[in-house]
Amino acid sequence: DGGITQSPKYLFRKEGQNVTLSCEQNLNHDAMYWYRQDPGQGLRLIYYSQIVNDFQKGDIAEGYSVSREKKESFPLTVTSAQKNPTAFYLCASSRVSRQNTGELFFGEGSRLTVL
Amino acid sequence: KQEVTQIPAALSVPEGENLVLNCSFTDSAIYNLQWFRQDPGKGLTSLLLIQSSQREQTSGRLNASLDKSSGRSTLYIAASQPGDSATYLCAVRPKMDSSYKLIFGSGTRLLVRP
């Protein structure tokens with residue numbers, strides 16, 4: 001079945017460690033996104049990519065890094081510079097259209113807890 | 001700056017009721033509006049996508065409307081069931097630059113009581 005796979009589902013990290021969250025999609029979508037969700041808040045955009053080998057910062061990119069070497073994959077690294085990394089991380093993808101009307105699809109999320 | 005608001009933050013109704021969830025946005029320059037459902041600890045599931053040129057979309061017991069001029073959208077759920085209990089989020093895709101970003105509301109947490 002087509003979809004978006006995030007791994008791991010749960011991740012624990014010690015302070016000072018970098019961790020990488022995986023996101024893979026087989027929907028043949030050009031655009032991919034990383035959102036962060038905190039309790040009681042809306043989703044906030046971390047990074048997005050509209051094409052391979054290109055990505056842009058979202059609203060809260062500090063302390064995060066991404067790469068887009070393949071169309072299907074958009075991994076997110078949470079670095080030790082991120083001050084409050086404990087959160088629920090959601091990966092999404094969409095088609096890119098001239099009218100910018102692509103529907104957004106999400107993975108199941110990864111919950112990161114810093115010990 | 002585009003802002004999206006969902007009121008109320010939480011709603012509890014008895015099974016069988018028809019209900020309306022509200023979403024408002026501050027800037028009418030949007031490409032589309034999308035409604036999502038989120039179960040606890042899960043990702044978001046797309047329910048309905050309304051393009052800016054459309055007034056409404058329907059899927060089963062769900063009907064979403066869009067009034068760009070007033071900056072409002074509603075999600076109507078007919079004959080609610082306990083399985084409809086979840087958080088419902090709306091998001092708009094603003095017409096700014098060539099961005100593909102969505103702006104999300106904080107959601108309405110719905111509980112349908114048996």
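State which residue is farthest from the other protein chains (Cβ to nearest Cβ) when the search covers only region B:40-57 and only residues that are part of a loop (DSSP other than H, G, I, E, B) and in contact with a Leu (Cβ under 8 Å, 6 or more places away or on another chain).
B:R55
Scan A:E69, A:E24 and give me the residue that is in contact with a Gly (Cβ under 9 Å, 6 or more places away or on another chain) and acidic (D, E).
A:E24
Among A:T5, A:T113, which is closer than 19 Å to B:G41 by Cβ and in contact with a Cys (Cβ under 8 Å, 6 or more places away or on another chain)?
Exactly one residue qualifies, and that residue is A:T5.
Just give me the residues in region B:23-68 being closer than 20 Å to B:K101 by Cβ, surrounded by 15 or more Cβ atoms within 10 Å (Cβ to Cβ) and among the small types (G, A, S), in sequence order.
Result: B:S24, B:S28, B:G43, B:S46, B:S52.
Return only the number of the condition from (1) assigned to a strand (DSSP E or B); (2) surrounded by 22 or more Cβ atoms within 10 Å (Cβ to Cβ); (3) of a type in the set (S, T, Y) that B:Y100 does not satisfy.
Failing condition for B:Y100: (1).
Do any strands (runs of 3 or more DSSP E) lying entirely in region A:3-115 carry at least 2 residues that are in contact with a strand residue (DSSP E or B) (Cβ under 8 Å, 6 or more places away or on another chain) and either more than 14 Å from chain B (Cβ to nearest Cβ) or free of Cβ contacts under 8 Å to residues at least 12 places away in the same chain (or both), and which ones are they?
A:10-13, A:19-25, A:54-57, A:64-66, A:76-78
Scan region A:25-41 and give yes if some residue there is surrounded by fewer than 17 Cβ atoms within 10 Å (Cβ to Cβ) and hydroxyl-bearing (S, T, Y), otherwise no.
Checked region A:25-41: no residue is surrounded by fewer than 17 Cβ atoms within 10 Å (Cβ to Cβ) and hydroxyl-bearing (S, T, Y).
Run down B:S24, B:S53, B:S12, B:S65 and say which single residue is more than 21 Å from A:F105 (Cβ to Cβ), at pLDDT 95 or above, of a type in the set (G, A, S) and over 12 Å from the mean Cα position of the chain (by Cα).
B:S12
Please find, within region B:1-37, the residue that is farthest from the other protein chains (Cβ to nearest Cβ) out of those that are of a type in the set (S, T, Y) and part of a strand (DSSP E or B).
Only one residue fits best here, namely B:S12.
The values are calculated or read from the model by the stated rules, or taken from the named source; none is laboratory data. Keep in mind that this is a model prediction, so the values were computed, not measured. We place every Cβ from the backbone using ideal geometry, glycine too, and count neighbours over all the protein chains shown.
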